[in-house]
Each structure stands twice: as C-alpha cells, then as structure tokens.
1. If you count, for each residue, the other Cβ atoms within 10 Å and average over each peptide, how do 105-115, 14-24 line up from highest to lowest?
2. Roughly how tilted is helix 159-177, in degrees to the nearest 10 and between 0 and 90, from the longest Cα axis of the chain?
3. What percent of all Cα-Cα pairs in the stretch 81-180 falls in each 10 Å bin, counting up from 0?
4. Calculate, in nm to one decimal, what GLU9 and HIS150 gain on full extension: separation in residues at 0.36 nm each, minus their alpha carbon distance.
5. Given H placed 1.01 Å from N in the peptide plane, which residues other than close sequence neighbours of GLN103 have an amide H under 5 Å from its amide H?
6. With each pseudo-label sitting 7 Å past Cα toward Cβ, what's the ARG117-LYS51 distance in nm, one decimal?
7. Only Cα pairs under 8 Å and at least 6 apart count here; give the relative contact order of the chain as a rounded whole percent.
8. For the chain, with every protein chain kept in place, what is the accessible area per residue (1.4 Å probe, Å²)?
Amino acid sequence: MLSSVEATEAERKSGRPGDALVEPADVVMDRAFTLEAPCEAVWPWLVQLGKGRAGWYLPSTIERFLPSSRRAARSLNPAWLRLGAGDVIPDYGGRNETFQVAQITPPTALVYRSRRRRTSLTWSLSLEPADSELGRTRVFLRLRMAPVRHKLLARTAGELIDVLTVAGMAAGLAERLRGRDTAT
C-alpha cells in the first residue's frame, strides 16, 4: 500500500538544506512522510539510494512485477554507504544524467545537484525526529528547479510523477526498515 507523502503547509514554507543552491526556484516540489524508525536507522538507506547503487525502493507488491535485475536492494551494502560532497552518482533521468552530492550532513541532510540542459536542480533529503515520539523519523524531500520553460507541465504532470514515485519509495523504505523481505 502506498503511503501519503503530502508535506504540510508549514513544512513547505520551512527552509531546507540546499535551498540557496537554486534561488529563486521556478518550481518547488515538497514531499514528506513518517517512518517508524529513528533517523540513524533511516539514514543509510537514503545514502545508498540510486541508479547503479541500491536502486529506487518500492514495496514488494510492486517489485514482484519487475525483473529481478531491476529490483532495489533489500539490505544495506557497505560499498554504497561511503558518500561525500562532490561524489557523482547516476540518475534515472536519462542515460547520461547524474547527480552530484552538494551537501551531506549525516544523519540529517543529503543534497544533490544537477543540470538538465539549461535547468539547474537540487534534490534535498532531510530527516528530523517526528514530533516528540522517540524512534520515528519525518523524511522531507524537496526538488527545486530553475529556469523551467514549461512551468504548468512541471506543476501538473511533474507533480503527479513525483507523488507516485515518492509514495512508492516511502512504502518500499518502510517495508525494508521493518525487515520484511517478501519480494519474489
């Protein structure tokens, strides 16, 4: 089951790591979700995320329809946990597209930057303890882009794609944190 990834109004208005790297932004997409694990347990799963690394986490109910070679990792891999500012990782946005680590502050913030033709973008992933409940983490994802030629398209179709992919990732990450490996 896909989880809600809607950021609250306060969360959307709040500054996030990396905001100044694309300022002003023509398009900003904010997502947030809560996981039943502390920040320190969530952090390594976000560090190893990505193409040519752990993949894009999806729940087993969806992954079962993918070839096994296209499924995301279900365990932590020490080789993918070493990530530093300036490192470049492949991105799913195209054959030659990449992200560069712009900022990394374990276990709370990871900011990637990239350029797609003339558009600069950042993707910020940040973690905070959820409310006052110990052992829960609020995960924030913010995508900032500028300049964007087709803003209406980005704000409609782009938003829909973002919601679906982040909801899938949230559900897949929650499943992995529970240690539930039901992929077949």
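The values are calculated or read from the model by the stated rules, or taken from the named source; none is laboratory data. Since the structure is predicted, the reported quantities are computational estimates derived from the model, not experimental observations. Counting neighbours? That spans all protein chains shown, and the Cβs are built from the backbone with ideal geometry, glycine included. For the accessible areas, the whole protein counts, side chains as well, though only heavy atoms, and no ligand, DNA or RNA atoms are used. Shrake-Rupley method; radii C 1.70, N 1.55, O 1.52, S 1.80 Å.
1. Numbers: 105-115: 17.9, 14-24: 15.2.
Answer by packing, highest mean first, reads 105-115, 14-24.
2. It works out to around 30 degrees.
3. Reading upward from the zero bin: 13, 39, 37, 11, 1.
4. On the way: separation 141, 0.36 × 141 = 50.76 nm, distance 2.45 nm.
Using 0.36 nm per residue and subtracting the Cα-Cα distance, I get 48.3 nm.
5. Amide H neighbours of GLN103: VAL111.
6. Roughly 1.7 nm, to one decimal.
7. After rounding, I find 34 percent.
8. Details: 9900 Å² over 184 residues.
The answer is 54 Å² per residue.
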